C-alpha cells in the first residue's frame, strides 16, 4: 500500500543552504561578512548584498554555488534531521526545490538528501533559481493526488502558489520561516516554527476537514443560489442595508460573524490553530 506523501521545499526547511557558503567564498576570495550574518540570523539576503557586488555578477556567483560540490555537504536542521528520518517510516517525501535545473544541481541535491535522509525522498523535483514552483506543484498534484497530505515552504510566494494549487484538496500548506523573509503571506497557510510542530499539527488535523471553498467562493455561490430562486424570494441580508436618506450620517453596522468558535475548531475561520498547547497563526 502506498504511503501518504509530504511534499516539501529543501533550502531553509530541510538543509541550511548557507552552510557551504563560507567555504565557497574562501575558495574564490569573496567577502564573508554578510554570509556569516545570514548563517547567524537565518535572514533572507539578496545575492547582491550577500556577495557585496553588482546584481548581475551576484546572480552568476549564486548559480555557480548552486551547481558546485559544496551543495553535496550542506548541514541539516536538527529538527528536520530527527523528524524526517522518523516520519519516513509512515510517509514518502517529495522534494520541490528551486536550486537549479542543471544536471549538477540535481545530482548534488540528491547526494545531500540521500546522505542525511536515506530512503526518505522518493522524488526530487527541481526548477531554476527564483523560478515559480507552480508547474512543479501541479505536476506533484497530478502524480500523487490525494496522497499529498501537506506542503512545506519558507517563502511567501511559494506558499501563495501552493495554496492556489491545492485549494480544492485536503492538502495542508505549512509556512515555516526560520528567519526574516521578504514579502508577506496573504494566502491561507499554517505558520509553524519547525518540523516538531508540523508533526503535532498533522496529528491534530486528521479529524478536521479542510474547507473546499474560499469565503469569496461561498459568497459567489450564495448569489447564484439567490438568482436561481427567482425575484420573489426574500433576499439574504448581506451586507446590512443602510437606512434611507443621508446614508453617510448613519452609524456603521458592524459585521457579526455569529457564535464564537473556540480556538482549535474550524481553524480556517479563526485564523489560528492550537497544536499541543502551541498557538500557531494561519
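The values are calculated or read from the model by the stated rules, or taken from the named source; none is laboratory data. Keep in mind it's a predicted model, so treat the numbers as computed, not measured. Quick reminder, even Gly has a Cβ in these numbers, built from the backbone with ideal geometry, and neighbours come from all protein chains shown.
Give just the number: which of (1) under 20 Å from residue 99 (Cα atoms); (2) surrounded by fewer than 16 Cβ atoms within 10 Å (Cβ to Cβ); (3) in contact (Cβ under 8 Å) with a residue 40 or more places away in the chain does residue 3 not satisfy?
Failed condition: (1).
What single numbered condition from (1) without any contact (Cβ under 8 Å) to a residue 40 or more places away in the chain; (2) more than 17 Å from residue 178 (Cβ to Cβ); (3) touching a helix residue (DSSP H, G or I) at 6+ places or on another chain (Cβ under 7 Å); (4) not in a helix (DSSP H, G or I) fails to hold for residue 58?
Looking at each condition in turn, residue 58 falls short on (4).
Residue check, residue 43 against (1) touching a residue at least 24 places away in the same chain (Cβ under 8 Å); (2) part of a helix (DSSP H, G or I); (3) out of contact with any strand residue (DSSP E or B) (no Cβ under 9 Å at 6 or more places or on another chain), all met but one. Which one?
So the condition that residue 43 fails would be (2).
Any idea which of 16, 90, 46, 86 is at pLDDT below 95 and within 28 Å of residue 194 (Cα to Cα)?
46
On the given criteria, is residue 117 over 22 Å from the mean Cα position of the chain (by Cα) and in contact (Cβ under 8 Å) with a residue 24 or more places away in the chain? So that I can check it myself, show each step before the final result.
On the way: over 22 Å from the mean Cα position of the chain (by Cα): no; in contact (Cβ under 8 Å) with a residue 24 or more places away in the chain: yes.
No.
Could you list all residues from the range 173-183 that are closer than 16 Å to residue 80 by Cβ and in a strand (DSSP E or B)?
174, 175
Of the numbered conditions (1) closer than 22 Å to residue 66 by Cβ; (2) part of a loop (DSSP other than H, G, I, E, B); (3) in contact with a strand residue (DSSP E or B) (Cβ under 8 Å, 6 or more places away or on another chain), residue 170 fails exactly one; give the number of that condition.
(1)
Select from the range 102-114 the residues that are in contact (Cβ under 8 Å) with a residue 24 or more places away in the chain and under 22 Å from residue 148 (Cβ atoms) and write down the one among them that is surrounded by the most Cβ atoms within 10 Å (Cβ to Cβ).
109
Taking the range 148-164, which residues are in a helix (DSSP H, G or I) and within 24 Å of residue 203 (Cβ to Cβ)?
Result: 159, 162, 163.
If a residue must be in a strand (DSSP E or B) and over 23 Å from residue 203 (Cβ atoms), how many such residues does the range 97-127 contain? Outline the logic, then answer.
Taking the range 97-127 and keeping what is in a strand (DSSP E or B), we get 97, 121-126.
Remaining after also requiring over 23 Å from residue 203 (Cβ atoms): 97, 123-126.
Here the count works out to 5.
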